[in-house]
Amino acid sequence: MEDKTAILIDGDYYIRRARSLFGQKDAKDRAKELENYCSLHIKDGKRHLYRVFYYDCPPLDRTVFHPLTRKHINLGKSDMYAWRNAFFKALLSKRKFALRLGRLSDLGHGYKLNPDAVKKLCEKKITIDDLKESDFSIEIEQKGVDMRIGIDIAHLAYKRLVTQIILISGDSDFVPAAKLARREGIDIILDPMGSHIAEDLWTHIDGLKSHWNDKQVLPQKS
C-alpha cells in the first residue's frame, strides 16, 4: 500500500487561528491559503494526498439581540454570513477537498463579552461605559462536527484507506478516535498551528507538526 495521507481540519479552529496568524482575507484568498497550507504537509513528507476533509457548520441566519447596542441583528444579512458561504463554495472548487457540515444548536445563540474586555473590566482599566460593539462576539454552539470527525477517522483506519492522518485542530475531543486509529497502525500527526494543546493529546499522537510560520508559501501577517 502506498503512503497516503488524509488531512482532517476543524474548520472553526482553522479560521480563528488563520485570522490571528495571517490576518483578515477574503473568502477566495483564505481558501487558497488553506490549500497551500495542506500542501506543505504533503510535500514535507513526500506522501500522496488521499483527501482533505473540512468540518464546519453553516453560518447562522437568525436574528440575535445585541446587549450593548440594544438592537436586533439579522445575522443572515451580515458580512460574516456571506463570507462563510463564499468560503465554502471556494473550498468545494478545490481538488480533493470534501466539505463535512454539521448543524448549529437550536439554543444558546447570543453575544458574549470577549475575554480581553472581561479582563480589563475586572482590573478596573475600563468601565461598562467604555465598552464598544467590537468587544462582543457571537457565541454559537456547533452540533455534529466532532462526531463526523470521529466517524471519518474510524472509517479511514478500518478500511485501510490511508497510512497517515493529519489533524489540524487543538481539541482533545478527538482523543478516542486518535487512539483507535493508532491501534490500527495509522500514523497520527497533530497540527495545532502554534497553539497550546491539552496534555492528554500528547500521549495519543505520533507527532506534532505545524507550518504556520512557513513564510515561503504563506503570506506574512498583515
For this session: Of the conditions (1) modelled with pLDDT of 90 or more; (2) among the aromatic types (Phe, Trp, Tyr); (3) part of a strand (DSSP E or B), PHE65 clears all except one; give me its number.
Result: (1)
Problem set entry | Residue list for the stretch 1-39, restricted to those being among the hydroxyl-bearing types (Ser, Thr, Tyr) and under 22 Å from ILE151 (Cβ atoms) | THR5, TYR13, TYR14
Problem set entry | Subset of the stretch 93-140 (residues that are within 17 Å of ASP12 (Cβ to Cβ) and assigned to a helix (DSSP H, G or I)) | PRO115
Seminar exercise, completed: (1) surrounded by 12 or more Cβ atoms within 10 Å (Cβ to Cβ); (2) among the acidic types (Asp, Glu); (3) over 15 Å from ILE205 (Cβ atoms) all hold for ASP116 apart from (1)
For this session: Give the number of residues within the stretch 38-85 that are in contact (Cβ under 8 Å) with a residue 60 or more places away in the chain and among the polar types (S, T, N, Q).
Result: 2
Exercise. Only one of ASP12, ASP29 is of a type in the set (D, E, K, R), in a helix (DSSP H, G or I) and more than 18 Å from LEU190 (Cβ to Cβ); which?
Worked result: ASP29
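Matching residues to (1) surrounded by 17 or more Cβ atoms within 10 Å (Cβ to Cβ); (2) out of contact with any strand residue (DSSP E or B) (no Cβ under 6 Å at 6 or more places or on another chain):
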site: GLN24; (1), (2): no, yes
site: LYS32; (1), (2): no, yes
site: LEU40; (1), (2): yes, yes
site: ARG47; (1), (2): yes, no
site: ARG70; (1), (2): no, yes
site: LYS77; (1), (2): no, yes
site: TYR81; (1), (2): no, yes
site: ARG84; (1), (2): yes, yes
Seminar exercise, completed: Note on CYS122: of the conditions (1) out of contact with any Pro (no Cβ under 6 Å at 6 or more places or on another chain); (2) closer than 27 Å to LEU21 by Cα, unmet is (2)
Exercise. What single numbered condition from (1) under 20 Å from CYS57 (Cα atoms); (2) in contact with a Lys or Arg (Cβ under 8 Å, 6 or more places away or on another chain) fails to hold for ILE140?
Worked result: (2)
For this session: Tell me which residues, restricted to the stretch 93-113, are touching a Lys or Arg at 6+ places or on another chain (Cβ under 8 Å) and either surrounded by 15 or more Cβ atoms within 10 Å (Cβ to Cβ) or at pLDDT 85 or above (or both).
Result: LYS96, PHE97, ALA98, ARG100, GLY102, LEU104, HIS109
Seminar exercise, completed: Residue pairs qualifying under the 6 Å Cβ cut-off, at least six apart or on distinct chains, with the first in the stretch 141-162 being farther than 14 Å from TYR55 by Cβ and the second being at pLDDT below 85 and surrounded by fewer than 17 Cβ atoms within 10 Å (Cβ to Cβ), are GLU141/SER105; GLU141/GLY108
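Do we find that LYS143 is charged (D, E, K, R), within 16 Å of GLY11 (Cα to Cα) and either at pLDDT below 85 or touching a Phe, Trp or Tyr at 6+ places or on another chain (Cβ under 9 Å) (or both) in this structure? It would help to see each step written out before you state the result.
Working: charged (D, E, K, R): yes; within 16 Å of GLY11 (Cα to Cα): yes; either at pLDDT below 85 or touching a Phe, Trp or Tyr at 6+ places or on another chain (Cβ under 9 Å) (or both): yes.
It is true that LYS143 is charged (D, E, K, R), within 16 Å of GLY11 (Cα to Cα) and either at pLDDT below 85 or touching a Phe, Trp or Tyr at 6+ places or on another chain (Cβ under 9 Å) (or both).
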For this session: Look at GLY102 and say whether it is in contact (Cβ under 8 Å) with a residue 12 or more places away in the chain and touching a helix residue (DSSP H, G or I) at 6+ places or on another chain (Cβ under 6 Å).
Result: yes
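The values are calculated or read from the model by the stated rules, or taken from the named source; none is laboratory data. This one's a predicted model, so the numbers in the text were calculated from it and none came from an experiment. We place every Cβ from the backbone using ideal geometry, glycine too, and count neighbours over all the protein chains shown.
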